[in-house]
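The values are calculated or read from the model by the stated rules, or taken from the named source; none is laboratory data. Only a predicted model underlies this, so the values are computations on that prediction, with no experimental measurement involved. Positions of Cβ are generated from backbone atoms using ideal geometry, with glycine treated the same way; all protein chains shown enter the neighbour counts.
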Amino acid sequence: MKTTLFRTTLIAAAAAVLSTAAFAQAGGKLKVGLMLPYTGTFAALGNAIENGFKLYLAEQGGKIAGREVEFIKVDDESDPSKATDNVNKLVKRDNVDVLVGTVHSGVAMAMAKVAKESGTLLIVPNAGADAVTGAMCAPNIFRSSFSNWQPGYAMGEVMAKKGIKRVATITWKYAAGDESVRGFKEAFEKGGGTVVKELNLPFPNVEFQALLTDIAATKPDAVFTFFAGGGAVKFVKDYAAAGLKKTIPLYGSGFLTDGTLEAQGADAEGLFTALHYADSLDTPKDKSFRLAYAKAYKLQPDVYAVQGYDAAQILGIGLKAVNGDVSKKAEFARAVEAAKIDSPRGAFSLSKAHNPVQDIYLRQVNGKENKLVGIASKSLTDPARGCKM
Ligand code: BEZ
């Protein structure tokens, strides 16, 4: 009898200590490691992602699941050679609860490797590296953006349906460029087209002249391209300056003209691109998002801002389900997997591999906007090749 009483008291005491520890953990500041490019060709993309993330946080009164947020920021410079060191500092030195990043596919793959090995939560707010939700997929890795395959594949379908037959491609030689072109080629060739030339240059090089001369000599029916950020601005301007815009229609995944129109001016007018966002969706959620973003930052939002906002939404959904306790990874994942995320792009859910299943829009540049033309590919799901989860 005495022993039972003693044991019960001990168990109660242990439970109290445990729940105090859990409360301390769940109740303290949530450390978010923001690893984004703040310099270089993708700097504007990193800033827009951070703005979007912070807009959601502000809407929640500055807290996620009752926890204040402390940001630890790293400029990853879109440099894969520095990525492993950068992410290890956030995980091992700063002990972040969650990693949010990044823009560049090569840097994101280094983040995914560390996240997978350490079990740290990772939410990718842009980088489309197919492997992140393919061969490297993991229960603690989520993406709020797209896979490189998705916009490329959708544009391949559109161009094949238009009856375009011979296409040259041009992009940076790294995962995002290679995988966008691969997605494009898969759909375009399935639809009866042929890729007659694949041109590329190293990231983030912008010396396009020799390649533009090659396009002029090849005379394809059209060109498909992936460029983004500062590189996309220069490419669109150089393409027009070379006189190619009038003779060989230019198409791209939507990064070509997103967040870039101010700088591209008339050289971008009329271009068709495919992406999971457009400037004129006209839904209540998008309208309120755009209004709030413009008010907060005196800027128009772009796809990167939307992805940052949705990365914060994913964190919010998961964290609320576990009462702010990031150690409950399986419950966190279950909540996110079951959720419909109320995005400005339109509601979406995550695939089994944790990549958005989403509509890819066909857009056309009209003044300073990527205007909605229609849906290029409905509820497009990345094939998640190599994902075992
Ligand atoms: C990427 O590296 O995955 C990427 C960079 C900018 C825009 C889109 C994708």
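Filter segment 167-186 down to the residues that are of a type outside the set (S, T, Y) and within 16 Å of the ligand (Cβ to nearest atom) and list them by number. Walk me through how you get there before you give the answer.
Quick first cut of segment 167-186, residues of a type outside the set (S, T, Y) only: 167-168, 170, 172-173, 175-179, 181-186.
Within segment 167-186, I170, W172, K173, A175, A176, G177, D178, E179, V181, R182, G183, F184 qualify.
Taking the options F203, F224, name whichever one is assigned to a strand (DSSP E or B) and in the same structural domain as D178 (by TED's automatic domain parsing).
None of the other options fit; the residue is F224.
Hey, could you check segment 86-109 for residues that are of a type in the set (S, T, N, Q) and touching a strand residue (DSSP E or B) at 6+ places or on another chain (Cβ under 6 Å) and say which is nearest to the ligand (Cβ to nearest atom)?
T102
If you take the residues in segment 359-383 that are over 26 Å from E262 (Cβ atoms) and either at pLDDT below 95 or of a type in the set (S, T, N, Q) (or both), which one is surrounded by the most Cβ atoms within 10 Å (Cβ to Cβ)?
Step by step, filter segment 359-383, then rank; the result is S377.
Report every pair of residues separated by at least 6 positions or lying on different chains whose Cβ atoms are under 7 Å apart, first residue within segment 161-178 and more than 16 Å from D130 (Cα to Cα) and in the same structural domain as D221 (by TED's automatic domain parsing), second among the basic types (K, R) and more than 10 Å from the ligand (Cβ to nearest atom).
So the pair list comes out as A168/K197.
Can you spot a residue in segment 286-295 that is without any contact (Cβ under 8 Å) to a residue 12 or more places away in the chain and under 25 Å from A154 (Cβ atoms)? So that I can check it myself, show each step before the final result.
Taking segment 286-295 first, the residues without any contact (Cβ under 8 Å) to a residue 12 or more places away in the chain are 287-288, 291, 294-295.
With under 25 Å from A154 (Cβ atoms) added as a condition, the list becomes 287.
Yes, segment 286-295 has at least one match.
Select from segment 121-175 the residues that are among the charged types (D, E, K, R) and closer than 18 Å to A353 by Cα and list them in ascending order.
From segment 121-175, those among the charged types (D, E, K, R) are 130, 143, 157, 161-162, 165-166, 173; that's our starting set.
D130, R143, listed by residue number.
Do we find a residue being within 16 Å of the ligand (Cβ to nearest atom) and closer than 13 Å to Y251 by Cα anywhere in segment 127-150?
No, segment 127-150 has no match at all.
Of the conditions (1) free of Cβ contacts under 8 Å to residues at least 40 places away in the same chain; (2) at positive phi; (3) of a type outside the set (K, R), I317 clears all except one; give me its number.
Among (1) free of Cβ contacts under 8 Å to residues at least 40 places away in the same chain; (2) at positive phi; (3) of a type outside the set (K, R), the lone unmet condition for I317 is (2).
Can you name the number of the only condition in (1) part of a helix (DSSP H, G or I); (2) β-branched (V, I, T); (3) under 20 Å from V167 (Cβ atoms) that T247 fails?
(1)
Does at least one position in segment 187-200 carry a residue that is hydrophobic (A, V, I, L, M, F, W, C), surrounded by fewer than 16 Cβ atoms within 10 Å (Cβ to Cβ) and either away from the ligand (no atom under 16 Å from the Cβ) or within 20 Å of K161 (Cα to Cα) (or both)?
Yes, because at least one residue in segment 187-200 is hydrophobic (A, V, I, L, M, F, W, C), surrounded by fewer than 16 Cβ atoms within 10 Å (Cβ to Cβ) and either away from the ligand (no atom under 16 Å from the Cβ) or within 20 Å of K161 (Cα to Cα) (or both).
What number of residues in segment 74-86 are surrounded by fewer than 15 Cβ atoms within 10 Å (Cβ to Cβ) and of a type outside the set (S, T, Y)?
The total comes to 1.
Determine whether segment 364-386 contains at least one residue that is among the hydrophobic types (A, V, I, L, M, F, W, C) and assigned to a loop (DSSP other than H, G, I, E, B). Before you say what the answer is, go through the steps one by one.
At the first step, the residues of segment 364-386 found to be among the hydrophobic types (A, V, I, L, M, F, W, C) are 365, 372-373, 375-376, 380, 384.
Still in the running and assigned to a loop (DSSP other than H, G, I, E, B): 384.
Among the residues of segment 364-386, at least one is among the hydrophobic types (A, V, I, L, M, F, W, C) and assigned to a loop (DSSP other than H, G, I, E, B), which makes the answer yes.
Go over the candidates Q358, Q307 one by one and state the one that is polar (S, T, N, Q), in a strand (DSSP E or B) and under 21 Å from G134 (Cα atoms).
Answer to the check: Q358.
Of the residues K234, K185, K197, only one is in the same structural domain as T257 (by TED's automatic domain parsing), in contact (Cβ under 8 Å) with a residue 12 or more places away in the chain and either in a loop (DSSP other than H, G, I, E, B) or within 14 Å of Q150 (Cα to Cα) (or both); which? Talk me through it step by step, then tell me what you get.
Working: K234 fails: either in a loop (DSSP other than H, G, I, E, B) or within 14 Å of Q150 (Cα to Cα) (or both); K197 fails: either in a loop (DSSP other than H, G, I, E, B) or within 14 Å of Q150 (Cα to Cα) (or both).
Going through K234, K185, K197 in turn, just one is in the same structural domain as T257 (by TED's automatic domain parsing), in contact (Cβ under 8 Å) with a residue 12 or more places away in the chain and either in a loop (DSSP other than H, G, I, E, B) or within 14 Å of Q150 (Cα to Cα) (or both): K185.
Consider segment 250-290. How many of its residues are part of a helix (DSSP H, G or I) and surrounded by fewer than 17 Cβ atoms within 10 Å (Cβ to Cβ)?
8
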